[in-house]
Amino acid sequence: MFNIIIFGPPGSGKGTQSARIAEKFNVKHISTGDILRAEVKQKSELGRQAQTLMEKGELVPDDLLIKILHSSIEKNKDAAGFIFDGFPRTIVQAEALDDLMKELEETIDVVVSLDVPDNEVVDRLLKRAEIEGRKDDNKETIRNRLNVYKEQTAPLLAYYMKQGKLESINGVGSIDKIFEDVVSTLEKYLS
Ligand code: AP5
Ligand code: MG
């Protein structure tokens, strides 16, 4: 299996690049944000628990996310690998993912981190607000999402750096150029 994590602040292009990576490397795209938004739309119990937190830009509790992760992997047992987008977001989640990989006798091969400055992500998300109307794309919530990223998620960079798996990529520029950089980085890890 080829297992990749895509990492970066809100609006850094995780979803955009993941869709292309999934196609190019034949891996299954697992976006926890997309899964949660679908649950909210279906008004499921999980969606009900997640909705208010998502609208505030807060993280949904780790235990719920870990359950989502388990069932997504279970449903895709035959996949040639995964690209995890938006997961893990806390150390607890990262440890749960490592444990799960171990159970499967698999490993995370590489973590691609997209570097994009705050002013650029704010511009992108406000632009998307006009087109898509995602509930968390408003000035106040974007500011909170960025703070939550810095406080709770950015520490994972050190976690994966220690494991020797971190690859940082400049996430500013054209989507095609960034994808080229991502592909050449990922190719180094294909065995
Ligand atoms: P999630 O859905 O993961 O949102 P996010 O991390 O805030 O990131 P986005 O999806 O907004 O951005 P992205 O990095 O995917 O960029 P995109 O490609 O869309 O999470 C939402 C919420 O769910 C969280 O706040 C939390 O509440 C909850 N949640 C999810 N996972 C969780 C977890 N594991 N634990 C706890 N809670 C969790 O691009 C953004 C925009 O920019 C698009 O319009 C795109 O077209 C454009 N764009 C992309 N690339 C470029 C470029 N190179 N140049 C210009 N524009 C670009
Ligand atoms: Mg996304």
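The values are calculated or read from the model by the stated rules, or taken from the named source; none is laboratory data. Since the model is a prediction, treat every value here as computed from it, not as a measurement. In this analysis, Cβ positions are derived from the backbone assuming ideal geometry, glycine residues included, and neighbour counts consider all displayed protein chains. Calculation scope for accessible area: heavy atoms of the full protein, side chains included, ligands and nucleic acids excluded. Shrake-Rupley method; radii C 1.70, N 1.55, O 1.52, S 1.80 Å.
Some notes on this structure:
- The convex hull of the Cα atoms of the chain, projected and averaged over all directions, covers 10.3 nm².
- Lys, Arg +1 and Asp, Glu -1 on Cβ, resulting dipole of the chain about Cα centre, debye, nearest 20: 440 debye
- Look at the alpha carbon pairs under 8 Å that are at least 6 residues apart: their mean separation over the length of segment 10-145 gives a relative contact order of 33 percent.
- Cα lying deepest toward the dipole's positive end in segment 4-180, options 15, 166, 30, charges on Cβ: 15
- Residue-wise HN-Hα coupling along segment 120-126, computed from phi with Karplus coefficients 6.51, -1.76, 1.60 (Hz; x: Gly, Pro): 5, 5, 4, 4, 4, 6, 5
- Once exposed loop trypsin sites (Lys or Arg not before Pro) are cut out (DSSP; at most 11 other Cβ, 10 Å), longest piece of the chain: 78-187
- Per residue value of the accessible surface for segment 4-180 (all protein chains in place, 1.4 Å probe), Å²: 53 Å²
- Segment 2-12 - phi-based ³J(HN,Hα) in whole Hz, Karplus 6.51/-1.76/1.60, Gly and Pro as x: 10, 10, 10, 10, 10, 10, x, x, x, x, 7
- Computed [θ] at 222 nm, deg cm²/dmol, the chain (DSSP H ≥ 4; -39,500 (n - 2.57); rounded to nearest 500): -17500 deg cm²/dmol
- Taking 115, 85, 181 as the candidate residues, the one with maximal mean-square fluctuation in a Gaussian network model of the chain, Cα springs under 10 Å, is 181.
- Couplings 3J(HN,Hα) of segment 89-95, computed from phi: 10, 9, 4, 4, 5, 5, 5 Hz, in residue order, whole Hz [Karplus 6.51 cos²θ - 1.76 cosθ + 1.60, θ = phi - 60°; x for Gly and Pro].
- Difference of contour (0.36 nm per residue) and Cα-Cα distance, residue 106 to residue 134: 6.6 nm
- Sulfur and carbon atoms: percent of accessible area, segment 4-180 [1.4 Å]: 49 percent
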